[in-house]
Amino acid sequence: MKTSDLVRRIDELIAQGNEVLKTRFKYEGGGNEYVKDAEIKGFRSASLSFIQSLYTERHPHFSEFDKGTHGHYSGHAEIGIAILQAIRSEIAGGWIFTFKGLVAAELFADFLDMASHLLENRYKDSAAVMIGAVLEEHIRQLCIKHDLAVDEEKDGKMIPKRADRLNADLAKAEVYSKLDQKQITAWLDLRNNAAHGKYGEYAAQQVKQFHSGVIEFMARVAV
């Protein structure tokens, strides 16, 4: 999903929260201010679903929203709106993708280390598949960073774009050069051969070059 789509969705949720606040009322003789129960429950449910998909349930934003909106006082709606506004600032400022990029980089490093170990033990085919998976995910993360669509509609459903399509989109957007695009196309072809059991189509030395090349590319064109 593009940054603009995320911002638009969170603006919708903030607007929903403001609509909840419009239902403020007090019981006769009472000092506390309430909001309508159904409205705040709908706001809470939609917002938690969004935060979970964006950050997972382990993130402080999720737990703080869950705890802070568990009731029907007007203050609960105000807390929810404040948390959503903080999330909006993170999204608009690019911080969420920077954070995810750092996490991804650590995971990629682990997988590339495993691939190196496989190569040392002459498991070129498994290494090729693993390196290819890292490359494909890096390309996808680059698309997200640069606001390029990673999904497309087919037969009325949204499906992930193929890696070669993402590669072409990134080159067209000048995230990297046409030369990089051609090299990535060749790497993806090697990866596909490994994934489909065409082990005679490439040699161990080519997988080693694939490994070192992807490391260099990811360092130069970082998420």
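The values are calculated or read from the model by the stated rules, or taken from the named source; none is laboratory data. Bear in mind that the values here come from a model prediction, so they are computed numbers and not experimental data. Ideal geometry is used to build each Cβ from the backbone, glycine not excepted, and the neighbour counts take in all protein chains shown.
Descriptive notes on the structure:
- Residue check, Arg165 assigned to a helix (DSSP H, G or I), in contact with a Pro (Cβ under 9 Å, 6 or more places away or on another chain) and within 28 Å of Leu54 (Cα to Cα): no
A quick yes/no check of all residues on (1) part of a loop (DSSP other than H, G, I, E, B); (2) in contact with a strand residue (DSSP E or B) (Cβ under 7 Å, 6 or more places away or on another chain); (3) modelled with pLDDT of 95 or more:
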residue: Glu28; (1), (2), (3): yes, no, no
residue: Phe43; (1), (2), (3): no, no, yes
residue: Phe50; (1), (2), (3): no, no, no
residue: Ser53; (1), (2), (3): no, no, no
residue: Lys67; (1), (2), (3): no, no, no
residue: Gly75; (1), (2), (3): no, no, no
residue: Ala82; (1), (2), (3): no, no, no
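- Residue check for Gln16: over 30 Å from Glu137 (Cβ atoms), outside the structural domain of Glu152 (by TED's automatic domain parsing), in contact with a Phe, Trp or Tyr (Cβ under 6 Å, 6 or more places away or on another chain) and of a type in the set (S, T, N, Q): yes
- Residue within the range 174-192 that is over 16 Å from Leu142 (Cβ atoms), without any contact (Cβ under 8 Å) to a residue 40 or more places away in the chain and not in a helix (DSSP H, G or I) present: no
- Number of residues in the range 142-171 that are loosely packed, with under 15 Cβ neighbours inside 10 Å, within 16 Å of the chain's Cα centre (by Cα) and closer than 28 Å to Ala204 by Cβ equals 0.
Conditions tested, residue by residue: (1) more than 30 Å from Gly93 (Cβ to Cβ); (2) exposed (fewer than 13 other Cβ atoms within 10 Å of the Cβ).
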| position | (1), (2) |
| --- | --- |
| Lys124 | yes, no |
| Val134 | no, no |
| Arg140 | no, no |
| Ala173 | no, no |
| Ile184 | no, no |
| Leu190 | yes, no |
| Tyr199 | yes, yes |
| Tyr202 | yes, no |
| Phe217 | no, no |
